[in-house]
Amino acid sequence: MKTKISGVELRRIAMPLVAPFRTSFGVETSRDVLLVRVVTADGEGWGECGAMSEPRYCSEYVDGAQNVLRSFLIPALLGAGAKDGVDAQEVGRILDPFTGHRMAKAALETAVLDAQLRTTGESFGGYLGAARDRVPCGVSVGIMDTVPQLLDAVDRYVTEGYVRIKLKIEPGWDIEPVRAVRERFGDDLLLQVDANAAYTLTDAQHLAKLDAFDLLLIEQPLANDDMVQHAQLGKVMRTPICLDESIESAAHAAAAISLGACSIINVKPGRVGGYLEARRIHDLARAHGIPVWCGGMLETGIGRAANVALAALPGFTLPGDTSGSHRYFATDITEPFVLDDGHLDVPTGPGLGVAPLPDLLKEVTTSTEWIEL
Ligand code: SMG
Ligand code: MG
């Protein structure tokens, strides 16, 4: 269904995190989020950009995303749809002449898709092919100053019902914290680690020590472009290797699978350019018997709604980083997502099924700009 877009709003919001989140590449204390609102003849649609303040997780960053949206992506979309409007399925092709900037593209495509689905009355989950009405939730636990602090944090999350714990690791914070968590919470705890590319292949023997702890997976141990090295590491350690940063498209996923660079894939819609490409990766991985799970970029309720819908697809067989709103923010901009028995419900309303609550949104907004033809 083609939607006529009259203009696009770019809105920045400042969302303090309930606690600092430390990874191998830095510490986040507040989320500076770019929201995209597409206005059509029939209504509006929302998308959230995954880009962080600084280009550390990947090369994108929020000011850059806003710039490329304003200067190139939105003008191209408005131009292409000026006469007949656009279907969300066409957005990827319209934006394809511009290299990279996948998180910016994803936010725009998501907003168009949300607007379209709100018009047709279909939910995101229904459109993507969700196979269940709720999804099991994991939580990503940052690097702490001490092991006792980490054990306290994990204890709180386990008590809240999270069904899987992911520990961030880096050189100097790996074997001992993992051992401590395993000893304290026992063998039944679903446990995995994420290095955010902090190691090199010369660390292979060291990383293989993690094999003793029966982890679900190790996520992105080596650099983003170390596809071949990940394949080699997979021959040295038993713990399944999962790629995150390395996979920016279905083509990358196909290459990684045929190389044997990973046996599991973290699917983050922003990182791969949107929910439609995320679904293509899901389909490809499923055809190859490769489990996938939904990653996170500390999203507000807008991005969370879409992620939870994606995580309900049949090939998402591992719990995702789809935590409840209060894991991140004291006050979310939508009705909060609240864990029930370790699960989040997949929204059923039209489109994302949630929208920012106007008063809350206004309170956290730091800037808005409007772009039209
Ligand atoms: O959204 O719960 C979340 C965060 C999950 O660990 C998480 N994300 O590499 O997977 C990852 C990181 C990227 C963002 S870290 C600031
Ligand atoms: Mg990761």
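The values are calculated or read from the model by the stated rules, or taken from the named source; none is laboratory data. Keep in mind that this is a model prediction, so the values were computed, not measured. Please note: Cβ atoms are built from the backbone with ideal geometry, for glycine as well, and neighbour counts cover all protein chains shown. For the accessible areas, the whole protein counts, side chains as well, though only heavy atoms, and no ligand, DNA or RNA atoms are used. Shrake-Rupley method; radii C 1.70, N 1.55, O 1.52, S 1.80 Å.
Would you mind counting up the charge near Ile218? Only other residues with Cβ under 11 Å from its Cβ, with Lys and Arg at +1 and Asp and Glu at -1.
Around Ile218, the surrounding residues sum to -3.
Suppose we keep just the DSSP beta bridges with both residues in region 126-345; what percent of those would be antiparallel, to 5?
20 percent
Which part of region 312-329 falls in the paramagnetic zone of Asp345, meaning amide N under 19 Å from the point 7 Å along Cα-to-beta-carbon?
Counting backbone N atoms under 19 Å from the label point, the list is 312-313, 322-327.
With a ≥ b ≥ c the root eigenvalues of the C-alpha gyration tensor of the chain, is it rounded (a/c under 1.5), prolate (a/b larger than b/c) or oblate?
In terms of gyration-tensor shape, prolate.
So what is the calculated 222 nm ellipticity per residue for the chain, using -39500 (n - 2.57) for each DSSP H run with n of 4 or more, over all residues, to the nearest 500 deg cm²/dmol?
Mean residue ellipticity at 222 nm (helix-derived): -9500 deg cm²/dmol.
How far is it, in nm, from the label point at Thr200 to the one at Thr331 when both lie 7 Å from their Cα along the line to the Cβ?
Placing both labels 7 Å beyond Cα along the Cβ direction yields 4.8 nm.
Carbon and sulfur together cover what percent of the accessible area of region 260-357 at a 1.4 Å probe radius?
Ligands and nucleic acids excluded, carbon and sulfur give 52 percent.
Looking at region 134-210, what % of its DSSP beta bridges pair antiparallel, to the nearest 5?
Approximately 10 percent, going by the DSSP bridge assignments.
Only bridges with both residues in the chain count here: give the DSSP antiparallel percent, nearest 5.
Percentage antiparallel, nearest 5: 60.
What is the Cα centroid distance between region 306-333 and region 100-166, reported in whole angstrom?
Comparing the Cα centres of region 306-333 and region 100-166, I get a distance of 2 Å.
Quick one: net charge around Leu313, please, counting Lys, Arg +1 and Asp, Glu -1 for every other residue with C-beta under 11 Å from its C-beta.
Here the charged neighbours net out to +2.
If you project the alpha carbons of region 126-345 onto the principal axes, what extent comes out on each, in Å, largest first?
Principal axes ranked by extent give 45, 42, 26 Å for the Cα atoms.
Write down the accessible area per residue of the chain in Å², having rolled a 1.4 Å probe over the full set of protein chains.
For the chain, the per-residue accessible area is 39 Å².
Measure off 7 Å from each Cα along the Cα-to-Cβ vector at Lys235 and Ala19, then give the distance between these two points in nanometres to one decimal.
Label at Lys235, label at Ala19, 4.1 nm between them.
For the chain, with a Gaussian network of springs between Cα atoms less than 10 Å apart, report the residue from Asn67, Asn266, Asn307 with the top mean-square fluctuation.
Comparing Asn67, Asn266, Asn307 in a Gaussian network model of the chain, the most mobile one is Asn67.
Which residue, Gly85, Gly289, Gly186, has the most motion in a Gaussian network model of the chain that connects Cα atoms within less than 10 Å?
Sorting by GNM fluctuation, first place goes to Gly186.
Between Val147 and Asp96, what FRET efficiency comes out of the Förster formula 1/(1 + (r/R0)^6) with R0 = 35 Å and r the beta carbon distance, rounded to 0.05?
0.15
Span-like helices, the chain: DSSP H, alpha-carbon axial extent 24 Å or more, mean Kyte-Doolittle -1.0 or greater, which ones?
Helix filter hits for the chain: 102-120.
In the structure shown, do any of Lys168/Lys235; Lys83/Lys362; Lys166/Lys235; Lys168/Lys362; Lys166/Lys268; Lys2/Lys362 have a Cα-Cα gap over 27 Å, and if so which?
Lys83/Lys362; Lys168/Lys362; Lys2/Lys362
For region 282-373, which GluC sites (Glu not before Pro) pass both filters: DSSP loop (anything but H, G, I, E, B) and at most 14 other C-beta atoms within 10 Å?
Qualifying residues, ordered by number: Glu372.
If you add up the charges near His343, with Lys and Arg at +1 and Asp and Glu at -1, over every other residue whose beta carbon is less than 10 angstrom from its beta carbon, what do you get?
Around His343, the charge tally is -2.
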